[in-house]
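The values are calculated or read from the model by the stated rules, or taken from the named source; none is laboratory data. The structure presented is a predicted model; accordingly, all values stated were derived computationally and were not measured. Backbone-built Cβ (ideal geometry, glycine too); neighbour counts: all protein chains shown.
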DNA sequence: CTGATATAGTTGCGTCCGCAATCATTTCGA
DNA sequence: TCGAAATGATTGCGGACGCAACTATATCAG
């Protein structure tokens, strides 16, 4: 009874799997804590500002934001509620589609993003990118792309 | 104004970073959904059963479980509450330390684990391990270990 | 031995999120 | 053109979690 079932993972496989969970958790916790501490901004809020700042025309549809942030529709509605209450973003009706809304940065939101962005990117570098060799960065990119390629459940 | 600040991430770096977030999110969502659908068990609940099933003596302290699951102390208390209500685990006082509790599997919990484990491991294989080459598994393990090595905030 | 401090776990409270239901608007078929 | 179905977003509701405060037990200094 010392060995597991036939599908059990080998130590190397386990390290690749559990390690990803642990590293991901720690990375996000640290980046979120730093962003919150230095700019009073949770990571998800930062991401909204960032996508809006980079968007053509300076605005994005709610659903588009939800997709990019990996959030549900209701999740993005409430996140936008909070950001609007903080005066960082606004929402206005889409002229082509009366159902849709555009989210956009307010001047305050623009300022907040300008202040937070360098700090956050530096954090990503410090905690993640700088600890990887160039070929490892390459390989990771290839792995994620492969994993994300199949739309439905894989074989 | 078309280029970003000096700390901006190169496309390769961005792919390595964002890809991890996206792949992690999709992987966990799928594994959790499969486990829930086939065995009525969220991933965190499964992990409790698994650690208890593998533990020496068949029991673990609450705090030890919290650390392994990357949960807070209150989080593990409530998760244990739920599992106990479902009849899958029990809690008894630790004989050496009147403050501590041992969590342990009930017979029902043992059965549930036996049923769910092969399915979950197969899922990890199908969605993750089987899509990686042996040397990629090796390299991922090395990367995670390196990232997790430094206890405090890295340089 | 006793009081101060540390540790294990739980509970109150607030936050964030997803699902299902809902409302408004658009699109499509007949 | 009109009703049916689809789509974008919001709201009600409940689940899961963390932080801070709390209880109970253990440990340690003197």
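Name every residue in segment A:59-84 that is in contact with a strand residue (DSSP E or B) (Cβ under 7 Å, 6 or more places away or on another chain) and farther than 12 Å from residue A:49 by Cα, in order of residue number.
So the first thing to find is which residues in segment A:59-84 are in contact with a strand residue (DSSP E or B) (Cβ under 7 Å, 6 or more places away or on another chain), and the list is A:59-62, A:65, A:80, A:83-84.
A:61, A:62, listed by residue number.
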For segment A:85-104 the number of residues that are touching a strand residue (DSSP E or B) at 6+ places or on another chain (Cβ under 6 Å) and closer than 12 Å to residue A:49 by Cα is 4
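Each row is one residue, and each column tells you yes or no for (1) within 14 Å of chain A (Cβ to nearest Cβ); (2) at positive phi; (3) surrounded by fewer than 15 Cβ atoms within 10 Å (Cβ to Cβ).
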residue: B:74; (1), (2), (3): no, no, yes
residue: B:80; (1), (2), (3): no, no, no
residue: B:89; (1), (2), (3): no, no, no
residue: B:112; (1), (2), (3): no, no, no
residue: B:115; (1), (2), (3): yes, no, yes
residue: B:130; (1), (2), (3): yes, no, yes
residue: B:137; (1), (2), (3): yes, no, no
residue: B:145; (1), (2), (3): yes, no, yes
Looking at the structure I just gave you, is residue B:148 under 17 Å from the mean Cα position of the chain (by Cα) and without any contact (Cβ under 8 Å) to a residue 60 or more places away in the chain? yes
Just one of B:50, B:62 is within 16 Å of DNA strand D (Cβ to nearest atom), at pLDDT 95 or above and within 14 Å of chain A (Cβ to nearest Cβ); which is it? B:50
